[in-house]
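S.K.: Structure provided below as structure tokens; questions to follow.
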Amino acid sequence: MKKHLFYSVIFLLFFGNALSAQPIDTQHETYPYARASLSLLKELLAIHNDANFKKDIEKNVAWCAQKLSEHGFATNRLETPTVPLLLATYKQQLKGEPTVLFYFHIDGQPVDPSFWFQDDPYKAVLKEQKEGEGWVDIDWDNLQKKELDPEWRIFARSSSDDKSPFIMFLAALETMKARGQSLPYNLKIILDFEEEKSSPSLAQAVLDNKAALAADMLIIYDGPKHLNNQPTIAFGARGITSMTIKVFGPTYPLHSGHYGNYAPNPALRLSQLLASMKDENGRVTIPGYYDGIMLDEKTKKILAAVPDNEKELMAKLGIGETDKVGSTYQESLQYPSLNIRGLSSAWVGKEKRTIVPATAVAEIDLRLVVESDGKRLRELIKKHIEGQGYYITETKPTSRERVLHKKICQINMGKKITKAFRTDFGSGLGIWVFNTIKNTFGEDPIRLRTMGGTLPTSPFINTLNVPAVIVPLVNSDNNQHSPNENLRLGNFFDGTKTIYGLLTAPLPETGKE
């Protein structure tokens, strides 16, 4: 009951104000096919897609391969030690024309049905918002009405992240077919089936299949649009790495009455250690952490052009002040972060005990930008910890180590470092995508210099040496990675229109930098 109450509050906070819009004009050239493709979306959503279950992923691979084959693509499974990638190449090749690679991922986050407001998180449910009632189920057949409400939502796991963009793509292809249109460039599609697990096999798979994946540019269809739901292009994304810090106290938990004030408390020491890494404004104090990052006036102007409402964002997040790493939200994304993503020591709540803990653990993630190197930042943190008087180990300390050193800390580095990327606004790819989306919707799309989240697509960019942009299509309040994930219906139709525009707009002479 408490879980449902918690998510009801979150749900109302993030879905309380629907984005106003006119009814969907189903007479638009792309919309009849978008409407017809909603049944395909429902079908694909019904296939479980947690990458921890390989048999389920195989069903997704087979479904996608079949649909791509029906649309004139030759498909090829790129086998990996975990689950395959699916590469699809459009059969009608244009000699001398550039090749564009589209990226989608089909897997989704695990689900806990007890947190969802529907019986089956994989069975798509259509809902509308009613005053005083929140989101209520409506019949799926409402999608056959002459006029559709763009504010209706389709609720299911991966409805936004990231199955719907792939179905939008299929709908755009259907539109082209009906209108007798041909692609103005060569096209490849790569489908990732374990993106939510950080694509552990992707880097090697790209190396092993470099020739097959060769392209001139990459478009990534993932992530949400800007908060105001205007057309959006992200020209970069932050990378990520991680580390675990474990501070040791006594060999085993001690009675706090007998040993409090005598045996050092590792929870306190860890808190002091973490606090030493940042100042009261949230800026990392470790020397060199922000080296190489210079936001000149041109860059600041680019960042200021993003129409963020800082007061509204703070109210939505429920915070009274922000960290001062940057002077705005967009500026904050241009710096590497040092985030405490989890803390643990002894017991709390009903399990609390009067003890001095034996250990305290902090899980840290570092978001990276182009100017920062993940390995270097981790070493800076390690050096800082040593400077605080800690003896560092990689394993549990021995009895000898415990008595020889006053402060002991075990550090384990994350196995993977995902690099950041950033493409220049003035690149051939950037100009083409910007102009295409502008022509499609009659307004300038919002340009984000860097997206805050991380995508595991850097192997394509670095190994294939291609520029890349992210074209997010779904609503920002989609609740991705959380219970009650949803897709705003208007975003599905506009997303189809976006991809249709990009499939039919002639490319510049070259997309290479």
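Here, each number is a calculation from the coordinates, and none is a lab measurement. Model, not experiment: these values are computed from the prediction. We place every Cβ from the backbone using ideal geometry, glycine too, and count neighbours over all the protein chains shown.
S.K.: Return the calculated 222 nm mean residue ellipticity for the chain, to the nearest 500 deg cm²/dmol, obtained by summing -39500 (n - 2.57) across DSSP H runs with n ≥ 4 and dividing by the residue count. Intermediate values should be presented prior to the final figure.
M.R.: Working: 16 runs with 164 residues, N = 513.
Per the formula, -9500 deg cm²/dmol.
S.K.: Same structure, new question: Determine the sum of side-chain charges near residue 140: Lys and Arg each +1, Asp and Glu each -1, restricted to other residues whose C-beta is under 15 angstrom from that of residue 140.
M.R.: Details: positive: 35, 42, 123, 127, 145, 153; negative: 43, 119, 120, 128, 137, 139, 141, 149.
Local charge sum for residue 140: -2.
S.K.: If I stretch the segment between residue 394 and residue 327 completely, what's the gain in nm (0.36 nm per residue apart, minus their alpha carbon distance), one decimal? Mind dumping the intermediate values first?
M.R.: Details: separation 67, 0.36 × 67 = 24.12 nm, distance 3.78 nm.
Working it through step by step, the gained length comes to 20.3 nm.
S.K.: Something else about it: Could you calculate the contour length gain from residue 74 to residue 439, that is, 0.36 nm times the residue separation minus the distance between their Cα atoms, to one decimal place in nm? Please list the in-between numbers first.
M.R.: Working: separation 365, 0.36 × 365 = 131.40 nm, distance 3.10 nm.
So the chain would gain 128.3 nm between residue 74 and residue 439.
S.K.: Step through the residues of the range 417-424 one at a time and calculate ³J(HN,Hα) from phi using the Karplus curve (6.51 cos²θ - 1.76 cosθ + 1.60, θ = phi - 60°), rounding each to whole Hz and writing x for Gly and Pro.
M.R.: With the stated coefficients, the range 417-424 comes to 10, 9, 6, 7, 9, 7, 10, 5 Hz.
S.K.: Quick one: helix 266-275 against the long Cα principal axis of the chain, what's the angle to the nearest 10°, folded into 0 to 90?
M.R.: Value to nearest ten degrees: 60.
S.K.: Let me ask something else. Which order do 306, 433 fall in if you start with the one that has the fewest other Cβ atoms within 10 Å?
M.R.: Details: 306 18, 433 26.
Going from sparsest to densest Cβ surroundings: 306, 433.
S.K.: Same structure, new question: If each residue's Cβ is checked for other Cβ atoms within 10 Å, how do 58, 297, 196 rank with the fewest at the top? Before the final figure, lay out the partial values.
M.R.: Numbers: 58 14, 297 7, 196 22.
With the sparsest Cβ surroundings first, the list reads 297, 58, 196.
S.K.: Students often get this wrong, so try it: which of [x] 215; [y] 169; [z] 161 is volume of the Cα convex hull per residue in Å³ as calculated from the structure shown?
M.R.: [y]
S.K.: Next question, about the same structure. Relative to the longest principal axis of the chain, what angle (0 to 90°, nearest 10) does the C-alpha long axis of helix 374-387 take?
M.R.: 20
S.K.: May I ask you to compute the full-extension gain from residue 348 to residue 482, defined as 0.36 nm times their residue separation minus their alpha-carbon distance, rounded to one decimal in nm? Don't skip to the end; give the middle numbers.
M.R.: Values: separation 134, 0.36 × 134 = 48.24 nm, distance 2.47 nm.
So the chain would gain 45.8 nm between residue 348 and residue 482.
S.K.: Enumerate by residue number the trypsin sites (Lys or Arg not before Pro) in the range 288-353 meeting two conditions: DSSP loop (anything except H, G, I, E, B), and at most 16 other Cβ atoms within 10 Å of the site's Cβ. Display every interim value, and only then the final one.
M.R.: Numbers: sites: 298, 300, 301, 311, 316, 324, 341, 350, 352, 353; in loops: 324, 352, 353.
Sites meeting the loop and neighbour criteria: 324, 352, 353.
S.K.: Assuming R0 = 25 Å, what is the FRET efficiency of residue 255 and residue 52, from their Cβ-Cβ distance, to the nearest 0.05? Could you put the intermediate results ahead of the total?
M.R.: Numbers: r = 41 Å, r/R0 = 1.65.
According to the calculation, E is roughly 0.05.
S.K.: In degrees between 0 and 90, to the nearest 10, how far off the longest principal axis of the chain does helix 54-70 point, with axes built from Cα atoms?
M.R.: Approximately 30 degrees, to the nearest ten.
S.K.: For the pair residue 465 and residue 291, what calculated FRET efficiency results from E = 1/(1 + (r/R0)^6), where r is the Cβ-Cβ distance and R0 = 30 Å, to the nearest 0.05? Let's see the in-between values first.
M.R.: Numbers: r = 26 Å, r/R0 = 0.86.
With R0 = 30 Å, the Cβ-Cβ based efficiency is 0.70.
S.K.: Testing the spin-label approximation: label points 7 Å from Cα along Cα→Cβ at residue 311 and residue 272. State their distance in nm.
M.R.: Going from the residue 311 label point to the residue 272 one covers 4.3 nm.
S.K.: How much of the DSSP beta bridge set in the range 15-160 is antiparallel, as a percent to the nearest 5? Can you show the working numbers first?
M.R.: Details: 15 of 16 bridges.
Around 95 percent of the beta bridges assigned by DSSP in the range 15-160 are antiparallel ones.
S.K.: A further question follows. What is the spin-label model distance, in nm, from residue 141 to residue 182 if the labels are put 7 Å beyond Cα along the C-beta direction?
M.R.: Using points 7 Å along Cα→Cβ, the separation is 4.4 nm.
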